[in-house]
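The values are calculated or read from the model by the stated rules, or taken from the named source; none is laboratory data. For clarity, every value in this text was computed on a predicted model and none was experimentally measured. Neighbour counts run over all protein chains shown; Cβ positions are idealised from the backbone, glycine included. In case anyone asks, the SASA skips ligands and DNA or RNA and just uses the protein heavy atoms, side chains included. Shrake-Rupley method; radii C 1.70, N 1.55, O 1.52, S 1.80 Å.
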Amino acid sequence: MRLKDPFSLKTADMTKRSKKPRDEDSSDEVGLPCQHVSRAVDLSSVKKAVTGNLWSVCSDCLKERNMLEGEAAGAHDVLVCLKCGFQGCNQAETQHSTKHQQAHHSDSHCITVSLSTWKAWCFECKEELSTHCNKKALAQTLDFLQKHSAKATSGTTSKIISLREEPVDTQRGKSPVNSTLIPVKGINNLGNTCFFNAVMQNLSQTHMLNDLIQDVKEKGHKMKICPPAETNLGPLTVTLPSPEPLTSAMFLFLQSMKEPGKGPVSPKILFNQLCQKAPRFKGYQQQDSQELLHYLLDSMRVEETKRIKAGILKVFNNPTEKTADEETKLQVKAYGKEGLKLNFVDRIFVGELTSTIMCEECEHISTVKEAFIDISLPIIEERVRPGLIYCSTIHMLIITCCIVFMYVSDKKAEKVYTSARKQMLISALPPVVTLHLKRFHQAGMNLRKVNRHVDFPLLLDLAPFCSVTCKNLGSGERVLYSLYGIVEHSGSMRGGHYAAYVKVRTPQRKPELQFRKTMPDEEASFAPQGQWVYVSDTSVQTVPESRVLNSQAYLLFYEELL
């Protein structure tokens, strides 16, 4: 596994063009009355179907993502069958809408409405229809679909999901808690900023981030730094100055996402502050969500490190290299090293990987440790026979990345290549683990997107991928993480869109740790209950868990189960 250095942030420059909306034809509807309307239009069935599924997404594209090599769902116009409410695309390679009509061998599924032009078409008559014919059935159904579309894509109301409290269970130490859930609000697109909005939806539902960022909201917050015993230094309490601009903007943004009763949130202040730190995001071009996450977290980490350092120096009367004696320099360095670990970015997102390489001839071992903000996983594509490709799974990808066989050169002048074994394990786990699926990669001279579906679990046990020193793990013990957020990329390298799935849930209650580790058959009972929500810029929809598991995940956010 080749992990990107989270603090150098060297990533491939992926050239992606944003999708352009389809131009609407302004010509008047001129179709003749159709004899099929009475059999092919069923308003009640349409209502039931569209309210229970993702809006404006081809149903078959969702199902076939593990087999399709071309465009992902959402990249083409979607047609709604007015008999059953089936949503199918009209792209040339698949023609799911046409296949749906042909599969029924009946003229009862022959009329569709385009969700981009709102024009009705009859496959039997091969004509565009007037929406004012045949006892208004067609017009009434079209009116419902337009209203449903406006509701599904508007951000005028924010969704606040109410969860039923679990009953008291004294045996497991559970009791009801009164906690305020974080609303799910739409975020205004500033111009090709869906890559930013999708990440911010996930960060806004990161409970630990919302908690810890409260400590940086104002000047005067006190922090206690406790160096290790071997330094012979006592605890030091420092008073921090005002937060830096990007961190302040993040705090204000997260606050606005939690305020009830308001419409979509504008991310303009936060996004502009980020562009000051990372000019690459200026210009409103299509960008990459993983790179955005790295730059955002690392920039706030640098700001908080600067803030903590200023607080430490103030305790020592702001010494400089010229005025400080050697003892003061050593103390400032020691407190600074420990203080660095206390910034909220490190405490939430930053972990550590240990890479061990052993020469199989001389058995020499070298070890390297590196920090990570996310773990990048290549997507496995294994062809068994023409047309059939095994789906990848998260566990398979992590195993592939954690144990790698390779060849390395020894240090002799003749540069003899010897066989070596490389093992990479997690030596320190953060409370939030982000997995990055490497869907964009170089194929010859071109960049290519892997549209293959990857199965991912709602509960992920990371114990098999940890070193023995990580979490002081014993034999058979587990380290469970629960999925709470996804960044999805639909489309291709030529044009795509980022959206988010987030799980609205109550903050965790901490059971006895030993009970969690010794009850493998009961692990599901510890996963936070909640409601999954799909968010595409200002569009907010509650969705079933099955839709989440079908998503074309690009980033996966897991939180440790307490």
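Do you know which residues across region 319-350 are open to solvent by 40 Å² or more (accessible area, probe 1.4 Å) and over 30 Å from ILE426 (Cβ atoms)?
Let us first name the residues in region 319-350 that are open to solvent by 40 Å² or more (accessible area, probe 1.4 Å), namely 320-323, 325-327, 329-331, 333, 337, 340-342, 347.
Correct list: THR320, GLU321, LYS322, THR323, ASP325, GLU326, GLU327, LYS329, LEU330, GLN331.
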**Study point:** Enumerated helices (runs of 4 or more DSSP H) restricted to region 184-271, each holding at least 1 residues that are out of contact with any strand residue (DSSP E or B) (no Cβ under 7 Å at 6 or more places or on another chain) and surrounded by fewer than 15 Cβ atoms within 10 Å (Cβ to Cβ)
**Key:** 207-212, 245-258
Review point. Any residue at all in region 318-325 that is hydrophobic (A, V, I, L, M, F, W, C) and not in a loop (DSSP other than H, G, I, E, B)?
Key: no
Review point. Looking only at region 390-435, which residues are at pLDDT 85 or above and either open to solvent by less than 10 Å² (accessible area, probe 1.4 Å) or among the aromatic types (Phe, Trp, Tyr) (or both)?
Key: MET424, ILE426, PRO430, VAL432, VAL433, THR434, LEU435
Check your understanding: Checking GLN529 against (1) farther than 30 Å from PHE196 by Cα; (2) modelled with pLDDT of 80 or more; (3) open to solvent by 40 Å² or more (accessible area, probe 1.4 Å), which single condition isn't satisfied?
Key -> (1)
Practice item. Give the number of residues within region 545-562 that are more than 20 Å from MET208 (Cβ to Cβ) and touching a residue at least 40 places away in the same chain (Cβ under 8 Å). Key: 9
Review point. Can you name every residue in region 360-383 that is open to solvent by 20 Å² or more (accessible area, probe 1.4 Å) and part of a strand (DSSP E or B)?
Key: ILE365, SER366, THR367, VAL368, LYS369, GLU370, ALA371, PRO378, ARG383
Practice item. For region 275-296, indicate whether the set of residues that are over 27 Å from LYS438 (Cβ atoms) and in the same structural domain as GLY336 (by the TED database) is non-empty. Key: yes
Study note, to complete from the structure: Among residues of region 466-494 being over 13 Å from the mean Cα position of the chain (by Cα) and open to solvent by less than 10 Å² (accessible area, probe 1.4 Å), the residue farthest from TRP532 (Cα to Cα) is CYS470
